[in-house]
Amino acid sequence: MKSLRELYKIGKGPSSSHTMGPFNACLKFRADNPDCDSYKVILYGSLSKTGKGHMTDEAVREAFAPKNVEIVFSDDELSENDHPNTMDIFAVSDGTVTDSRRVYSVGGGSTEIKGETASASEDIYPLDTYTEIASYCKHNNMRISDYVFMYEDEGIKDYLHEVWRAMKQSIDEGLSEDGELPGGLHVARKAQFLFNARHIDESDSTKENRMVCAYAYAVSEQNAAGGIIVTAPTCGSCGVIPAALKYMQQKKGFTDDEVINALAVGGLVGNLIKTNASISGAECGCQAEIGSACSMAAAALAELHEMGIDQIEYAAEVAMEHHLGLTCDPIYGLVQIPCIERNAVAAMRAINAVSLANFLTTTRKISFDMVVEAMYETGRDLHHIYRETSEGGLAKLYTRE
């Protein structure tokens with residue numbers, strides 16, 4: 001598995017797979033072909049079907065600016081061997097193509113070049129299942145966070161502090177904004193309202209839900225507006241972990257160093273999902289994004305409370321299990337409806353998963369590795385209209401008011 005630096009990435013929204021990935025791929029292609037006259041990019045699959053709403057075309061133009069780039073949204077069918085987020089990039093000089101490559105945007109801002117087996121970064125973790133890692137940690141009397149820091153480089157804690165600062169900054173910025181989000185859906189920002197809308201008879205549990213939701217909305221609305229967020233594990237699911245950890249830090253007084261340990265454990269869980277299944281909505285539906293984020297948040301919260309290795313696993317498993325089958329159906333391809341609301345619901349569900357793990361871990365029948373495998377199989381079986389194409393579900397039924 002790769003470093004957590006490959007999972008937690010600080011960058012602009014609204015989509016890690018549709019903007020961050022294509023932007024980085026085009027930048028690299030431009031660096032390899034700096035002297036051509038112009039460029040051409042053909043988008044396929046989900047990149048084509050939801051690229052306008054996800055601002056893919058804007059990201060591509062920005063990467064190649066000020067040179068001219070022709071962008072084609074293709075309806076051509078992809079082969080079974082191609083990723084649902086596929087793009088062809090061409091360098092053109094004197095009307096002739098001088099170089100080209102097919103790139104897959106595989107989720108979380110990461111890309112792969114077809115035909116190249118070499119990875120941009122090395123695997124640093126020797127084990128790639130939770131069962132193996134848990135066994136190793138128990139045998140060596142280690143926590144999961146100890147395992148992470150044993151294999152990451154010495155600067156990883158500083159990097160995770162930077163990630164945590166960026167997460168909190170996205171909450172603060174989101175809470176300071178009001179008005180409508182861009183894109184034409186006329187979606188009003190709600191984070192500020194949720195944060196301030198106290199009720200005279202508000203119970204502790206109601207306040208908890210309101211505050212967690214306010215934080216999740218704040219980050220997700222920043223993402224939808226093209227603001228700076230952290231992929232956790234994707235842009236579309238970026239509000240879950242910050243909301244859950246920010247609220248719990250305020251409630252219980254956890255230090256930033258304790259939060260960093262939690263981010264390490266949550267990141268390892270996200271890495272396991274990315275390695276053994278997918279974090280791409282175009283490949284496996286929203287269960288791969290929101291489900292993964294909820295699972296990561298639950299594991300992080302369990303670490304924050306210094307729960308045992310089996311309890312951390314159960315919390316992560318419960319969080320993922322009850323997102324199985326969740327479709328990715330963004331209206332008009334915008335990362336707004338139902339994406340923003342789902343971040344809030346998933347953050348609350350992560351807290352609930354930890355509560356269950358506190359009591360019921362010894363009764364569990366399903367392992368984390370098993371539910372990840374089930375998620376991947378479920379996602380691949382989903383009809384393509386429910387995998388970030390905006391052709392099914394809410395995206396199909398909604399009509400502009």
Check your understanding: For residue 174, which of the numbered conditions (1) more than 21 Å from residue 319 (Cβ to Cβ); (2) surrounded by fewer than 24 Cβ atoms within 10 Å (Cβ to Cβ); (3) under 23 Å from the mean Cα position of the chain (by Cα) fails to hold?
Key -> (2)
Revision key, fill the gap. Checked pairs for the range 305-323, first on the phi < 0 side of the Ramachandran plot, second open to solvent by 20 Å² or more (accessible area, probe 1.4 Å) and small (Gly, Ala, Ser), C-beta under 9 Å and 6 or more apart or across chains, list as 313/367; 315/355; 317/367; 320/374; 321/374
Practice item. Scan the range 33-49 and give yes if some residue there is open to solvent by less than 30 Å² (accessible area, probe 1.4 Å), over 30 Å from residue 297 (Cβ atoms) and in contact (Cβ under 8 Å) with a residue 60 or more places away in the chain, otherwise no. Key: yes
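Table: residues versus (1) open to solvent by 30 Å² or more (accessible area, probe 1.4 Å); (2) modelled with pLDDT of 95 or more; (3) under 30 Å from residue 299 (Cβ atoms).
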{"site": "179", "(1), (2), (3)": "yes, yes, no"}
{"site": "183", "(1), (2), (3)": "yes, no, no"}
{"site": "191", "(1), (2), (3)": "no, yes, yes"}
{"site": "195", "(1), (2), (3)": "yes, yes, yes"}
{"site": "200", "(1), (2), (3)": "yes, no, no"}
{"site": "211", "(1), (2), (3)": "no, yes, yes"}
{"site": "220", "(1), (2), (3)": "no, yes, yes"}
{"site": "224", "(1), (2), (3)": "no, yes, yes"}
{"site": "230", "(1), (2), (3)": "no, yes, yes"}
Revision key, fill the gap. Counted residues in the range 49-75 being under 17 Å from residue 101 (Cα atoms) and of a type outside the set (A, V, I, L, M) come to 4
Practice item. State yes or no: is residue 167 over 18 Å from the mean Cα position of the chain (by Cα), in a helix (DSSP H, G or I) and either touching a residue at least 12 places away in the same chain (Cβ under 8 Å) or more than 30 Å from residue 265 (Cβ to Cβ) (or both)? Key: no
Review point. Just one of 333, 325 is surrounded by fewer than 18 Cβ atoms within 10 Å (Cβ to Cβ), more than 23 Å from residue 133 (Cα to Cα) and not charged (D, E, K, R); which is it?
Key: 325
Check your understanding: Do the conditions hold for residue 187, that is, is it crowded, with 21+ Cβ neighbours inside 10 Å and hydrophobic (A, V, I, L, M, F, W, C)?
Key -> no
Revision key, fill the gap. Across the range 50-88, the tally of residues that are of a type in the set (A, V, I, L, M, F, W, C), free of Cβ contacts under 8 Å to residues at least 40 places away in the same chain, open to solvent by less than 60 Å² (accessible area, probe 1.4 Å) and over 13 Å from residue 26 (Cα atoms) stands at 2
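The values are calculated or read from the model by the stated rules, or taken from the named source; none is laboratory data. Owing to the predicted nature of the structure, the values given are computational and were not obtained by experimental measurement. Quick reminder, even Gly has a Cβ in these numbers, built from the backbone with ideal geometry, and neighbours come from all protein chains shown. For accessibility, only protein heavy atoms count, side chains too; no ligands or nucleic acids. Shrake-Rupley method; radii C 1.70, N 1.55, O 1.52, S 1.80 Å.
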